[in-house]
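The next block holds one structure in the form of structure tokens; read it before the comments.
The values are calculated or read from the model by the stated rules, or taken from the named source; none is laboratory data. In this text the structure is predicted, and so the values were computed from the model without any measurement. Every residue, glycine as well, gets a Cβ built from its backbone with ideal geometry; the counts of neighbours run over all protein chains shown.
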Amino acid sequence: MIISLLKSFRKSRRLKRISKELSQPLNWKSMPDLLTGINRDTKEKAFDELYELGLNDEVVRHVLESRKVHKETLKKIYDLLVSNGAGQYVAGHYAAASSLVYGFPLLFLLHHFDGKGFNILDLPDFEANQYIAFRVTEYFRKGEVGMVTY
């Protein structure tokens, strides 16, 4: 019990730090940073850490391995979430990042991801992507637990 609490606490601290790095906007005022890609490299390293954080979680690792999901697929999902509105903080979670390192939101995302975008409720691609991003954001905003429903 205590070991589980310690693991959870460590995961939350790491996720908070990683989320802070991922959520930083590009510095458009610093031409040298843009040209050298410093900001992009920082975000790539942060995403790599996010992926490792997920692999360190027994449930998330099982989900990824059982569905043969690789880092590149998670990156596509993350980018889709951010570009469709889940790149925001809600109830202490950076929704796009947290969605990938907790079992139930991750299962929901993988169930509806077709390799290019999300499919749900026979919605057109654009609306489906926005709906999924909205739904995982609401999951964290409302403090839901368990399966993500729609």
Which numbered condition trips up residue 128, out of (1) in contact (Cβ under 8 Å) with a residue 40 or more places away in the chain; (2) buried (at least 17 other Cβ atoms within 10 Å of the Cβ); (3) aliphatic (A, V, I, L, M)? (1)
Matching residues in segment 55-99 (over 19 Å from residue 128 (Cβ atoms), touching a residue at least 60 places away in the same chain (Cβ under 8 Å) and of a type in the set (A, V, I, L, M)) number 1
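Could we say that residue 85 is part of a helix (DSSP H, G or I), at positive phi and surrounded by 15 or more Cβ atoms within 10 Å (Cβ to Cβ) here?
Values: part of a helix (DSSP H, G or I): yes; at positive phi: yes; surrounded by 15 or more Cβ atoms within 10 Å (Cβ to Cβ): yes.
When the stated conditions are applied, residue 85 passes them.
With respect to residue 68, determine if the residue is of a type in the set (Lys, Arg), surrounded by fewer than 17 Cβ atoms within 10 Å (Cβ to Cβ) and within 17 Å of residue 19 (Cα to Cα).
It is false that residue 68 is of a type in the set (Lys, Arg), surrounded by fewer than 17 Cβ atoms within 10 Å (Cβ to Cβ) and within 17 Å of residue 19 (Cα to Cα).
Restrict the check to segment 61-69 and report whether at least one residue is under 15 Å from the mean Cα position of the chain (by Cα) and within 16 Å of residue 15 (Cβ to Cβ).
Yes: one or more hits.
Just one of 30, 4, 19, 8 is of a type outside the set (Asp, Glu) and at pLDDT 95 or above; which is it? Give the steps one after another, and end with the answer.
Numbers: 30 fails: at pLDDT 95 or above; 4 fails: at pLDDT 95 or above; 8 fails: at pLDDT 95 or above.
Checking each option against the conditions leaves just 19.
Taking residue 135 as the residue in question, decide whether it is touching a residue at least 40 places away in the same chain (Cβ under 8 Å), of a type in the set (Lys, Arg) and over 19 Å from residue 60 (Cα atoms). It would help to see each step written out before you state the result.
On the way: touching a residue at least 40 places away in the same chain (Cβ under 8 Å): no; of a type in the set (Lys, Arg): yes; over 19 Å from residue 60 (Cα atoms): yes.
So residue 135 fails the test.
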Taking segment 94-150 only, how many residues are outside any loop (DSSP other than H, G, I, E, B) and in contact with an Asp or Glu (Cβ under 6 Å, 6 or more places away or on another chain)? 0
